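Okay, so here's the structure we're looking at.
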Amino acid sequence: MATRGVSETEKLQKNLTDQLDRLMSQLQDLEDSKDDLDADEYNETRQDTIEQLKEFQQRLSKFSEGDLSLVDQFGATQLAIQAAITEAFRTPEIIGLFARRQPEGLRQRLSQLERDHRLGHLAEESFSQQRLEILSALKKLGEPLTPEEVHFMTTNTTDDLRQFLEDDMTVSSERVVRLAQSGLSGGT
């Protein structure tokens with residue numbers, strides 16, 4: 001009796017993770033093919049993906065309200081979706097690593113970014129944006145940052161990221177949806 005529902009919960013978590021991965025991949029594919037699409041097609045496709053993220057967020061809210069064992073695991077996912085919708089984070093790969101609580105993956109991605117930037121393969125603006133997203137995600141996950149990383153965040157944090165960092169990991173579902181909707185109406 002003690003294992004009742006455990007396999008169902010694991011299946012649900014896997015399905016939700018797979019769906020989040022699919023949506024993040026869809027966002028990444030869209031960003032990768034941005035230059036191949038006209039502005040209207042890009043914006044329409046991006047808006048459609050954002051709508052799918054909102055629907056996913058609503059389903060997560062319903063699940064987390066009904067099953068307290070899932071609330072902690074969904075908290076990071078909800079914040080990651082919020083960050084994507086409000087455009088605090090713009091890099092799908094970083095959103096996915098944060099949602100799955102993978103600080104080592106974020107650190108690895110940061111090392112790759114720094115290498116690519118040193119080699120001249122990554123523009124300064126893109127490097128700074130992604131670095132800031134990764135450092136914000138690491139901070140939100142409670143990972144220690146170097147003094148240099150803290151200084152970089154202090155001097156470069158946007159209003160969206162500042163709000164994201166202030167939000168509690170156990171933020172209520174209603175607040176996430178409200179923040180996401182306000183970000184959508186003003187951010188896209």
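Relative to the Cα centre, the charge distribution of the range 96-141, modelled as +1 at Lys and Arg Cβ and -1 at Asp and Glu Cβ, gives a dipole magnitude of about 300 debye. Round to a whole angstrom and tell me the spacing of the C-alpha centers of the range 116-144 and the range 38-52. So the two Cα centres are separated by 25 Å. Protein heavy-atom accessible surface, 1.4 Å probe, per residue over the range 85-155: 50 Å².
Computed from the C-alpha gyration tensor, the three semi-axes of the ellipsoid equivalent to the range 25-64 are 26, 10, 4 Å, from longest to shortest.
The values are calculated or read from the model by the stated rules, or taken from the named source; none is laboratory data. This is a predicted model, so every value here is computed, not measured. Glycine gets a Cβ as well: all are built from the backbone with ideal geometry, and neighbour counts include every protein chain shown. Protein only, heavy atoms only, side chains kept; ligands, DNA and RNA dropped before computing areas. Shrake-Rupley method; radii C 1.70, N 1.55, O 1.52, S 1.80 Å.
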